[in-house]
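The values are calculated or read from the model by the stated rules, or taken from the named source; none is laboratory data. It should be emphasised that the depicted structure is a prediction, and the values quoted were computed from it without experimental measurement. When we count neighbours, we look across all protein chains shown, and the Cβ atoms used for this are built from the backbone with ideal geometry, even at glycine.
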Amino acid sequence: MARQKIIDSEAKLLAMPEQDYMNDAQLAFFRQRLTDERLSLESVLAQTRQTIVESRGDGDDADLAANEETLRLLLRQADRETRLLRKIDSTLNRLDDGDYGYCDETGVPIGLKRLLLRPTATLCLEAKERQESREHHYAKRRSA
């Protein structure tokens, strides 16, 4: 039921005319979506941190090694979640400042379809492709 409501809300956004880009309804939709994602992520992060705190190094060498690997994975997960929380906070600030939905590099609209897939996007598709191309180019140069 909740999933259908989300699909219906997204369909309403996509049906809006282009000149209504980032109108009050769209901004409210993305603010709610980001806020919900933030709350969910905070809950998961708190649970991950609690698991890390509660992990113990009891047992033989094999148990300790398995526990170390699990702890390493949990720390990586917590790091990713923390970075995503910062990105969501930054995106909410962009909403407050009136910059949300527009490319940092070019100033053109990012597009509803892209924002529905990645609400924290700061670059339009073309700018993101250029960025990834540059990153790939530099990575190839470093490995050569």
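Structure above, values below:
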quantity	calculated
Check on residue 99, within 13 Å of the chain's Cα centre (by Cα) and either at pLDDT below 95 or not polar (S, T, N, Q) (or both)	no
Hits in the range 1-57 (condition: in contact (Cβ under 8 Å) with a residue 60 or more places away in the chain, surrounded by 13 or more Cβ atoms within 10 Å (Cβ to Cβ) and either not in a loop (DSSP other than H, G, I, E, B) or not hydrophobic (A, V, I, L, M, F, W, C) (or both))	10, 13, 21, 26, 27, 30, 31, 33, 34, 37
Residue match in the range 87-104 (condition: of a type in the set (S, T, N, Q), over 18 Å from residue 124 (Cα atoms) and without any contact (Cβ under 8 Å) to a residue 40 or more places away in the chain)	yes
Given (1) touching a residue at least 12 places away in the same chain (Cβ under 8 Å); (2) within 23 Å of residue 25 (Cα to Cα); (3) not hydrophobic (A, V, I, L, M, F, W, C), index of the condition residue 126 fails	(2)
So residue 70, is it over 22 Å from the mean Cα position of the chain (by Cα) and either among the hydroxyl-bearing types (Ser, Thr, Tyr) or not in a helix (DSSP H, G or I) (or both)	yes
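For every residue, the table says whether it meets (1) of a type in the set (Gly, Ala, Ser); (2) within 17 Å of residue 119 (Cα to Cα).
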| residue | (1), (2) |
| --- | --- |
| 19 | no, no |
| 25 | yes, yes |
| 30 | no, yes |
| 40 | yes, yes |
| 44 | no, no |
| 86 | no, yes |
| 89 | no, yes |
| 95 | no, yes |
| 104 | no, yes |
